[in-house]
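Accompanying notes for the structure given below.
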Amino acid sequence: MKSYNRFFALLMTLLIISLAGCGKEEDVTNVGKLEFTQALNIPPLAEPTIEADGTKNFTLTMQAGTTELLPGKMSDTFGINGTYLGPTIRASRGDKVSFNVVNNLEETSTLHWHGMRLPAVMDGGPHQMIEAGETWTPHWTIDQPSATTWYHPHLHGKTAQHVYKGLAGMFIIEDEDSKKLPTSYGVDDIPLIIQDKLFTSDGQMKEDKEGIFGTLGDEILVNGTYDPYLEVTSSQVRFRLLNGSNARAYHFGFTDGRSFKLVANDAGLLQESVTMERLMLSPGERAEIVVDFKPGEEAILHSFSGNNGIDNGEFDLLKIVVASELTETIPIDGQLSTVPPIVAPKDAPVRQFKLTMENKINDKLMDMNRIDEIVPAGTTEIWEINNFGWSHNFHIHNAAFRILDINDKEPSEYERGRKDTVFIPNGSKVRLVVEFGNYPDPHVPYMYHCHLLRHEDEGMMGQFLLVEPGTESQAQTTLPQKDNEHNTHHE
Ligand SMILES: [Cu+2]
């Protein structure tokens, strides 16, 4: 029965892709169109104020504005402390951090810390709404290995629109291990936020409300820069890749076929680097790569085409122009992460999740008042995800996981690190060993969901409570109609 369903799902997807394709999807490309004339924008590092107890306090102001995304054309955009995207936040493991998230938009939003281990009430999910004009003040202690994480709104039904308009930024966590790699921000440690866009002829961003996956653009912005180039001055550069797109997946590589070293998956460093030439990231996923450069050369970071419906098309992403004299850095060698891999305990509980054509999880659409799963805090479980629908992916809040197997086969070497978001190909079964954070709260749920933002907005999301182990049977399975939705205050 299962294999029949999978076969049927695969057949349907092929049919839809070929219909949707009809020349359009497959021909999408910007290759040959770019001249690489704009210096890549590097989002500024957010400057915290240090409170008496050492807490790093950051102010993030969400606002509307206009931005020259395409040369000579102004687009209506959203941004954080600016008109498009937000600053990069950098903090170290052990740091106490706090935020003033000011909503100067004319509408409600939220700000979610994707990849962060923190109490549910600080998570910035659909329940932590920030009304227009209000300020939300989350705070927590960073307690997880170094990683490239990010922040973006998570208002139910509006996530796609808010992220697409520009509300997103990178959040870098450092520890002793991450210092084995280049760390000079903007010099040899470069953030790359990749987003695809559809533009009207007068330069406004437009969303696709019709397609199966949501917006799949034909133009690319990197850190908000169109037609970008980057000058590098170091023999070895670490790039932090963030797929900040609504639906598109990228197969990263270089047009000259050069290899690079993958050093981190979403939620942390690998045990050792893996040399590779192509790397796929679906929406919300991150990776860190280290690339070697020779004096005076040029290289083009590119996305190659795939056949998953969300990755059709060829794109040049960034031209890298290498200086004639380079700072030599120590080659990456040996052990990177000293954090033990996530291991499933014997008799680890297994939960099953079924993704379907109607963008449902276990035959249900998201309900803000329904708790779908109750998980003992601090435990490690196996989550088995079976995809009978389109291409989807799966993100779990306040957790890190390791891919146990994909269709019963061990994952490739490059996808054995710590992750929080994973691509689930149509017709596949992916098993994850999930290590949950240890912040029990019987009242406020965390989310798990597809990170194709249209799917998420349409309800491809579930809610789980983390509770004190042993109290699972007493936990509530419904939430009061309106609570915990007014946790902000007027300034
Ligand atoms: Cu999906």
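Among the residues in the range 412-420, are any out of contact with any Pro (no Cβ under 8 Å at 6 or more places or on another chain), polar (S, T, N, Q) and modelled with pLDDT under 95? Checked the range 412-420: at least one residue is out of contact with any Pro (no Cβ under 8 Å at 6 or more places or on another chain), polar (S, T, N, Q) and modelled with pLDDT under 95. The numbered conditions (1) among the polar types (S, T, N, Q); (2) over 20 Å from the mean Cα position of the chain (by Cα); (3) more than 16 Å from the ligand (Cβ to nearest atom) are all true for Asn398 except (2).
Can you pull out every residue in the range 211-246 that is farther than 19 Å from Thr77 by Cβ and either of a type in the set (S, T, N, Q) or within 16 Å of the ligand (Cβ to nearest atom) (or both)? Lay out the reasoning, then the answer.
Quick first cut of the range 211-246, residues farther than 19 Å from Thr77 by Cβ only: 211-213, 216, 229-241, 243.
If the condition is that a residue be farther than 19 Å from Thr77 by Cβ and either of a type in the set (S, T, N, Q) or within 16 Å of the ligand (Cβ to nearest atom) (or both), then Gly211, Ile212, Phe213, Leu216, Thr233, Ser234, Ser235, Gln236, Asn243 are the ones that fit.
Flag: Ala377 matches the condition of being touching a Leu at 6+ places or on another chain (Cβ under 7 Å), in contact (Cβ under 8 Å) with a residue 40 or more places away in the chain, away from the ligand (no atom under 16 Å from the Cβ) and not β-branched (Val, Ile, Thr). Just one of the numbered conditions (1) within 20 Å of the chain's Cα centre (by Cα); (2) surrounded by fewer than 21 Cβ atoms within 10 Å (Cβ to Cβ); (3) within 16 Å of the ligand (Cβ to nearest atom) is not true of Thr421: (2). Within the range 235-246, one or more residues are more than 30 Å from Gln271 (Cβ to Cβ) and either in the same structural domain as Ile289 (by TED's automatic domain parsing) or of a type outside the set (A, V, I, L, M) (or both). Looking at the range 279-318, the strands (runs of 3 or more DSSP E) lying wholly inside it that each contain 1 or more residues that are more than 19 Å from the chain's Cα centre (by Cα) sit at 286-292, 298-304.
Could you tell me whether Gly437 is of a type in the set (Gly, Ala, Ser) and within 16 Å of the ligand (Cβ to nearest atom)? No. So how many residues does the range 449-464 have that are within 16 Å of the ligand (Cβ to nearest atom), surrounded by fewer than 24 Cβ atoms within 10 Å (Cβ to Cβ) and closer than 18 Å to Trp383 by Cβ? Here the count works out to 1. Pairs linking a residue in the range 346-365 that is in the same structural domain as Lys429 (by TED's automatic domain parsing) and closer than 10 Å to Phe388 by Cα to a residue that is within 12 Å of the ligand (Cβ to nearest atom) and modelled with pLDDT under 95, with Cβ atoms under 6 Å and 6 or more positions apart or on different chains, are Leu355/Gly389; Thr356/Gly389; Met357/Gly389. For Val321, the conditions (1) among the aliphatic types (A, V, I, L, M); (2) surrounded by 17 or more Cβ atoms within 10 Å (Cβ to Cβ); (3) modelled with pLDDT of 95 or more all hold with the exception of (2). Of the strands (runs of 3 or more DSSP E) lying entirely inside the range 212-257, the ones with 2 or more residues being aliphatic (A, V, I, L, M) are found at 219-222, 228-234, 236-243. Take Ile406 and decide whether it is of a type in the set (A, V, I, L, M, F, W, C), out of contact with any Gly (no Cβ under 8 Å at 6 or more places or on another chain) and more than 16 Å from the ligand (Cβ to nearest atom). So Ile406 passes the test.
Within the range 59-79, restricting attention to residues that are part of a loop (DSSP other than H, G, I, E, B) and at negative phi, the residue that is surrounded by the most Cβ atoms within 10 Å (Cβ to Cβ) is Leu69.
For the range 281-307, a tally of residues being under 20 Å from Phe423 (Cβ atoms), surrounded by fewer than 20 Cβ atoms within 10 Å (Cβ to Cβ) and among the hydrophobic types (A, V, I, L, M, F, W, C) returns 1. Using the structure shown, decide if Leu336 is more than 16 Å from the ligand (Cβ to nearest atom), of a type in the set (A, V, I, L, M) and assigned by TED's automatic domain parsing to the domain that holds Arg258. No, not satisfied.
The values are calculated or read from the model by the stated rules, or taken from the named source; none is laboratory data. Note that this is a predicted model, so its numbers are computed, not measured. Cβ atoms come from the backbone with ideal geometry, glycine included; neighbour counts cover every protein chain shown.
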